[in-house]
């Protein structure tokens, strides 16, 4: 559905996107992540035809975004971070206007209006002025606008921006439903949402792609996935010496040592290894009481921090 090849976008001397390539298959739900200034918005603006690339190129459903711009844009439903709405119009009136601008007429327009109003949960507010709607409903109107011409690809830039937890959950469920028969390319800072919605994740940093895989594989392979918390009563020097001899333990960090010889430690171990049985056996043999033995379960947020932190 999306093919990006050696795409570069520069603004004067600043290169926002630097020679990136990736593909999004039809039917995929892909999270596009990165810290502020990573190049996400610049990439999206190129894909949606708002900005031309400096070099390289991309295609949407086989249409070149530069040479076949109109055909490419017809395949896209785009919802920007700050949804531009005509606040003095009523919801149905606005969506009808937007559908007309996108080439819909007559019965086809009426049919699509009914579908997107139902699909986006706007039945109760369809006659209300947009300025009277909550932020959550305005986001829904933005989604309905993106869907009005029934595009095979949705590009959503921070769709839950500024919403409260209940509104976020509502929009998340709506996006999940929309993903049943569409390709979705989603940019968001709420990584837990991306982890729940997306089948694949692309992480951008400094204009370069740092990762491109499923959330599960990224978590599985990250270095910090091997953190173990250990709270044990033992002589400090003897304990650290014993721990450093165990296989798969790469680093021992002492967080706190009490006067009763309770040691609070974080152990960095190799990914995809299980070290806790050896730790339990060691503690039993030494007769050292254990209060905590917990393996850190990695998240997409951990992956993001590991790949994009500066230090």
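Taking Cα atoms only, the orientation of helix 135-147 departs from the longest principal axis of the chain by about 60 degrees. If I fit a long axis through the Cα atoms of helix 236-245 and take the longest principal axis of the Cα atoms of the chain, what angle between them do I get, 0 to 90°, rounded to 10? Once rounded, one gets 70 degrees.
Normalised Debye scattering of segment 221-308 at q = 0.22 Å⁻¹ gives log10 I(q)/I(0) of -1.05, counting only Cα atoms as equal scatterers and leaving out solvent. In a fully extended conformation the segment linking residue 221 and residue 128 would gain 28.5 nm over its present Cα-Cα distance, using 0.36 nm per residue.
The value given for the chain is a Kirkwood hydrodynamic radius of 22.3 Å, derived from the mean inverse Cα-Cα separation.
Note on residue 13 and residue 68: with the Förster distance fixed at 22 Å, the Cβ-Cβ geometry gives a FRET efficiency of about 0.10.
Based on C-alpha pairs under 8 angstrom that are at least 6 apart in sequence, segment 153-205 has a relative contact order of 49 percent. Tell me the relative contact order for segment 2-214 as a rounded percent, counting alpha carbon contacts under 8 Å between residues six or more apart. After rounding, I find 30 percent.
If you run the Gaussian network model on the chain, springs between alpha carbon atoms under 10 Å, then out of 15, 160, 245 the most flexible one is 245.
Please identify, among 193, 124, 285, the residue showing maximal mean-square fluctuation in a Gaussian network model of the chain using a 10 angstrom Cα cutoff. Looking only at 193, 124, 285, the biggest GNM fluctuation is shown by 285. Taking each DSSP H run with n ≥ 4 as -39500 (n - 2.57) and averaging over every residue of the chain yields -10500 deg cm²/dmol at 222 nm. For the chain, modelled as a GNM whose springs connect Cα atoms under 10 angstrom apart, the maximal fluctuation among 16, 211, 284 occurs at 284. From most to least packed by mean Cβ count within 10 Å, the peptides 63-71, 295-303 give 295-303, 63-71. In degrees from 0 to 90, rounded to the nearest 10, what is the angle of the helix 106-119 Cα long axis to the longest principal axis of the chain? Helix 106-119 sits roughly 20 degrees off the main axis of the chain.
FYI, it's all coordinate maths here, none of it is from the lab. In this text, all values refer to a predicted model and were calculated from it rather than measured experimentally. Reconstructed Cβ throughout: ideal geometry from the backbone, glycine too, with neighbour counts over all protein chains shown.
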